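Novice: Next up is a structure, given as structure tokens.
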Amino acid sequence: MLKYLIRRVLQMIPVFLGVTMLLFVLRAPGVLPGDPVRMITGERAISDTLRAQIVEEYGLDRSLPEQYAIYLGNLMKGDLGQSFQKSRPVVDILADKFPNTVRLALAAIVIEIIMGITAGIISAVKQYSLADVLTTLSTSILVAIPVFWLGMMLQLLFGILLKRWTGGAFYLPISGMESYQFPAWAHMILPAITLASVSTAYVARIMRSQMLEALGQDYIRTAEAKGLSRRAVIWRHAMKNAMIPVVTFIGIDLGVMMAGAILTETIFNWPGVGLEIFHAIGQRDWPVLMGGVIFIVFAVMIVNLLVDLSYAVLDPRIRYGGAAE
Amino acid sequence: MSTLLEVRNLKTHFHTRDGVVKAVDGVNFSLEAGQTLAVVGESGSGKSVTALSIMRLIPESTGVIGADSDILFKGESILSMDDVSMRSIRGDRIAMIFQDPMTSLNPVYRVGRQVGESLVLHKGLKKKEADERAVELLDMVGIPHARERARDYPHQFSGGMRQRAMIAMALACDPDILIADEPTTALDVTIQAQILELMIALQERTGTAIIMITHDLGVVADMANDVMVMYAGKQVEYGTAEDVFYRPLHPYTWGLLESLPRHDVSDKGVLVPITGQPPSLINVPDGCAFHPRCPYAKEICHTTVPSLESIEDGHSSACLFSQDPSFRRDEVSPSGEVA
Ligand SMILES: Nc1ncnc2c1ncn2[C@@H]1O[C@H](COP(=O)(O)OP(=O)(O)OP(=O)(O)O)[C@@H](O)[C@H]1O
Ligand code: SF4
Ligand SMILES: [Mg+2]
């Protein structure tokens, strides 16, 4: 187990190097337009002395490999550099934004778990019933709808139209995460639904197919032959088996959401890591962009590792590090 | 001896998209306490469906049991019981083990827990007590270090051990009837023999009646009191093991016996399989269902359905010619099988 853990952590290193190197190559002169000094100073003209000072300060005069080595060295110390735009350490910026991303991701995961799993179980247990047909239909639609479009439609419906129809008495916030009219949690409703939509549909589908598969297994017949009630057979014997792939999916999805849902955060102006990266791209704020991406890669890898470890708890056939079947 | 189980004119049909599958079509038999009935027949002859009908585990969506069919357990009709009463019999009074031990245990629960589960359900044991009893049961079916092995998961068991665990599970509540649906088919030959020996030994100890389903007559020669031969959902021969092995009446039984490996003959090449395939149960041939494959078929066999007739005392056959004493093939019986 410990061996497995160490191996997994060591495996992260090449991934890390790959991602950071790729970003550095993109920074090489001529690959993408934009002069880093200009990014920092803005459009106004600057004197050569000031330019030299900035180049010196941000290490822009060194060769790319050199810059990369310095960057990695700093990374080891937990230093992701300074933002070009905000003159703040990137680490501080991300530390500010990350909790918001986590908050939104957790809200979305809760929706995903409750709605997705319930719908999946109902439609499997009552196969071909009206509920099943509706689930299949709505999940197909949800999967096909682009997230940004769904987000904007929700904004239109619950934010603007609903406000108009009720004469301003009832509507939902569609932007940001704080305002004097609404409690903080209300700001989370629409972005969380948007963020959860596609995954909820997938969870429902996976749950349904896994449940049906489990219910068709021989051990279900064994359980029935013991005299267990249908309910006990479903909840005790089918459920745990069916849950294994679902938990995997949700876990990986949590990692993806941690990554900052760039689309959702942008549409709803949600001040998370995703929105920060979105702004950084527009402003060519390389340190923030790089730091954000590295942060995300790290978060995803950690979550995936946790998911893998939780397998062993759910599925006894999986044992890490030892001789598994 | 008292009659435990009586199956009367059992008809189990499946309504499928392709038509009605007459999986079991008019089967009658009874089982006395402590006795062993072997049900033999090729694949698709309706053996499992017969067993599942007794357990009332036929899928309700497609399976229909005939209105004039009945299954009596200790005189009480199983088919007209409500679900709750049926569940109290299932796994407690009538237990069943299945063909494939590799897939019949739930992979995510410990073996001991699964063995003890019916004790919690039917006998009201606490989980701890059931675990304790499960260890004894696993020990009883010959699993070494039962206490440690009870904490294992099914994938840590070999095929033979899993089938032993299945037997322990089935016998947990000390049932009156154990239905074993080809319990050894999925196992290799030496393990098959061990499992059979175990079942015989346990039956002597517990007095459980056994319905032993198999497509291999040799397997049951050692343990069956009675044998029922099935073909295309119908009984074609029924009698004591002695009768069916040494004085078989039906041409299909002859075929089965001839296709049996004979342990006494040194040249093992003389297996004579029955030619042709079992019929579709949607379009069962007219007349005798066996006629397309029967070497003795006459014109009349194409049109007249033979009914199961008692030929000798307790020995019946569903062949139009069985009444004729010269229509016999005594030499087909495998030697050295029946004690
Ligand atoms: N749920 C079902 N729906 C439709 N047809 C079924 C169903 N269960 C069984 N059958 C059909 O009933 C027939 C008898 O099946 P059964 O399983 O009883 O055969 P068997 O004698 O046990 O054969 P085997 O030796 O292969 O186990 C087969 O043709 C099978 O396809
Ligand atoms: S009735 Fe005819 S076809 Fe059927 S088993 Fe007898 S001889 Fe063969
Ligand atoms: Mg079968």
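Novice: Report the one residue of A:Ser87, A:Val125, B:Val49 whose Cα lies farthest in the direction of the positive end of the charge dipole of the protein assembly as shown (charges on C-beta: Lys and Arg +1, Asp and Glu -1; origin at the Cα centre).
Specialist: The listed residue farthest towards the positive side: A:Ser87.
Novice: Let's see if you can work this out: charge +1 on each Lys and Arg Cβ, -1 on each Asp and Glu Cβ, no other charges. What is the dipole magnitude of chain B about its Cα centre, in debye to the nearest 20?
Specialist: 1140 debye
Novice: I've got another one for you. Taking R0 as 45 Å, what FRET efficiency do you get between B:Lys126 and B:Asn283 from their Cβ-Cβ distance, rounded to the nearest 0.05?
Specialist: 0.25
Novice: Nearest 500 deg cm²/dmol is fine: what mean residue ellipticity at 222 nm does chain A get from its DSSP H runs of n ≥ 4 alone, each adding -39,500 (n - 2.57), divided by its residue count?
Specialist: Estimated from H runs of four or more residues: -22000 deg cm²/dmol.
Novice: Taking region A:179-303, how much of its Cα-Cα pair set, in percent, is spaced more than 24 angstrom apart?
Specialist: So the pairs more than 24 Å apart make up 50 percent of the total in region A:179-303.
Novice: By per-residue mean of other Cβ atoms within 10 Å, what is the highest-first order of B:201-207, A:170-176?
Specialist: In decreasing order of mean packing, B:201-207, A:170-176 become A:170-176, B:201-207.
Novice: Between helix B:127-140 and chain B, what is the angle of the helix's C-alpha long axis to the longest principal axis, kept within 0 to 90° and rounded to the nearest 10?
Specialist: 50 degrees
Novice: Give me the accessible area of A:Ser209, 1.4 Å probe, in Å² rounded to the nearest 10.
Specialist: 60 Å²
Novice: Counting only DSSP beta bridges with both residues in chain B, what percent are antiparallel, rounded to the nearest 5?
Specialist: 60 percent
Novice: What accessible area per residue, rounded to a whole number of Å², is obtained for chain B using a probe radius of 1.4 Å?
Specialist: So chain B comes to 43 Å² accessible per residue, rounded to a whole number.
Novice: Put A:Glu213, A:Glu276 in order of accessible area, largest first, 1.4 Å probe: what do you get?
Specialist: A:Glu213, A:Glu276
Novice: Normalised by the number of residues in chain B, what is the relative contact order in percent for Cα pairs under 8 Å and 6+ residues apart?
Specialist: 20 percent
Novice: Let me ask something else about it. Could you work out the per residue convex hull volume over the alpha carbons of the protein assembly as shown, in cubic angstrom?
Specialist: It is 241 Å³ per residue.
Novice: Which one, A:Gly151, A:Tyr4, A:Val233, is farthest towards the positive end of the dipole of chain A when Lys and Arg carry +1 and Asp and Glu -1 on their Cβ?
Specialist: A:Val233
Novice: Tell me, what are the semi-axes, in whole angstrom and largest first, of the equivalent ellipsoid of region B:74-224 as set by the roots of 5 times the Cα gyration tensor eigenvalues?
Specialist: 22, 21, 13
Novice: For each pair in B:Lys234/B:Lys298; A:Lys126/B:Lys22; A:Lys126/A:Lys240, compute the distance between the two Cα atoms and list the pairs where it is over 24 Å.
Specialist: Listed pairs above 24 Å: A:Lys126/B:Lys22.
Novice: Tilt of helix A:2-27 relative to the longest C-alpha principal axis of chain A, in degrees (0 to 90, nearest 10)?
Specialist: Roughly 50 degrees between the two axes.
Novice: Let me have the 222 nm mean residue ellipticity of chain B computed from DSSP H runs of 4+ only, each contributing -39500 (n - 2.57), with the sum over all residues rounded to the nearest 500.
Specialist: My calculation for chain B gives -8500 deg cm²/dmol from helical runs alone.
Novice: Which whole number gives the average count of other chain Cβ atoms within 10 Å of the Cβ atoms across peptide B:105-111?
Specialist: The per-residue average across the peptide is 6.
Novice: Going toward the positive end of the dipole of the protein assembly as shown, with +1 on Lys and Arg Cβ and -1 on Asp and Glu Cβ, which of A:Thr222, B:Met169, A:Ser175 do you reach last?
Specialist: Farthest along the dipole direction, towards plus: A:Ser175.
Novice: Percent of accessible area on chain A owned by carbon and sulfur, 1.4 Å probe?
Specialist: Carbon with sulfur: 67 percent of the solvent-accessible area.
Novice: Using only Cα atoms, tell me the angle between helix B:159-171 and the longest principal axis of chain B; keep it within 0 to 90° and round to the nearest 10.
Specialist: 80 degrees
Novice: Quote the accessible area belonging to B:Leu308 in square angstrom, nearest 10, computed with a 1.4 Å probe and with ligands, DNA and RNA left uncounted.
Specialist: My reading of the accessible area for B:Leu308 is about 70 Å².
Novice: Using all C-alpha to C-alpha distances in region A:140-187, build P(r) with 5 Å bins and read off the rounded percent in each one.
Specialist: P(r) for region A:140-187, in whole percents per bin: 5, 21, 21, 24, 15, 9, 4, 0.
Novice: So how much accessible area does B:Lys298 have, in Å² to the nearest 10, using a 1.4 Å probe?
Specialist: Solvent-accessible area, nearest 10 Å²: 110 Å².
Novice: Moving on to the next point. Can you list the lysines whose alpha carbon sits under 23 Å from that of B:Lys123, skipping same-chain ones fewer than 8 residues off?
Specialist: Partners found: A:Lys226, B:Lys74.
Novice: While we're here: So how much accessible surface do A and B hide from each other in total, probe 1.4 Å, in square angstrom to the nearest 100?
Specialist: 2100 Å²
Novice: Please go through region A:235-291 and write out the trypsin sites (Lys or Arg not before Pro) that DSSP classes as loop and that have at most 16 other C-beta atoms within 10 Å.
Specialist: Nothing satisfies the criteria.
Novice: In nanometres, what is the gap between the two model label sites at A:His279 and A:Ala232, each 7 Å from Cα along Cα-to-Cβ?
Specialist: Modelled inter-label distance: 5.9 nm.
Novice: Further, regarding this structure: Once R0 is set to 56 Å, what does the formula 1/(1 + (r/R0)^6) return for the Cβ-Cβ distance between B:Asp70 and A:Ser140, expressed as a FRET efficiency to the nearest 0.05?
Specialist: So the FRET efficiency works out to roughly 0.75.
Novice: Hey, can you rank A:98-106, A:196-204 by average C-beta count inside 10 Å, highest first?
Specialist: Order by mean packing, descending: A:196-204, A:98-106.
Novice: What does the C-alpha gyration tensor say about the overall shape of region A:146-232? Classify as rounded when a/c is under 1.5, otherwise prolate if a/b is larger than b/c, or oblate.
Specialist: prolate
Novice: Right, next: With contacts defined as alpha carbon pairs under 8 Å and 6 or more residues apart, what's the relative contact order of chain A in percent?
Specialist: Here the relative contact order equals 24 percent.
Novice: A further question follows. Using Cα springs under 10 Å in a Gaussian network model of chain A, which residue among A:Glu56, A:Glu178, A:Glu265 shows the largest mean-square fluctuation?
Specialist: Evaluated over chain A, the most mobile residue of the options is A:Glu56.
Novice: Then there is this: Per residue and in cubic angstrom, what volume does the convex hull of the Cα atoms of chain B have?
Specialist: 148 Å³
Novice: Given a Förster distance of 35 Å, report the FRET efficiency between A:Glu56 and A:Met1 from their Cβ-Cβ distance, rounded to the nearest 0.05.
Specialist: Approximately 0.10, to the nearest 0.05.
Novice: Counting DSSP beta bridges with both partners in the protein assembly as shown, what percentage is antiparallel, nearest 5?
Specialist: Antiparallel: roughly 65 percent of the beta bridges in the protein assembly as shown.
Novice: To the nearest 20 debye, what is the magnitude of the charge dipole of region B:142-181 about its Cα centre, counting +1 on the Cβ of each Lys and Arg and -1 on the Cβ of each Asp and Glu?
Specialist: It works out to roughly 240 debye.
Novice: Under unit Cβ charges (Lys, Arg +1; Asp, Glu -1), what dipole magnitude, rounded to 20 debye, does chain A have relative to its Cα centre?
Specialist: 1040 debye
Novice: When Cβ neighbours within 10 Å are restricted to other protein chains, what is their mean count per residue of peptide A:225-236?
Specialist: For this peptide, the per-residue mean of nearby foreign Cβ atoms is 6.
The values are calculated or read from the model by the stated rules, or taken from the named source; none is laboratory data. It should be emphasised that the depicted structure is a prediction, and the values quoted were computed from it without experimental measurement. Neighbour counts are summed over all protein chains in view; Cβ atoms, including those assigned to glycine, are modelled from backbone coordinates with ideal geometry. Just the protein is used for accessible areas: all its heavy atoms, side chains included, with ligands, DNA and RNA removed. Shrake-Rupley method; radii C 1.70, N 1.55, O 1.52, S 1.80 Å.
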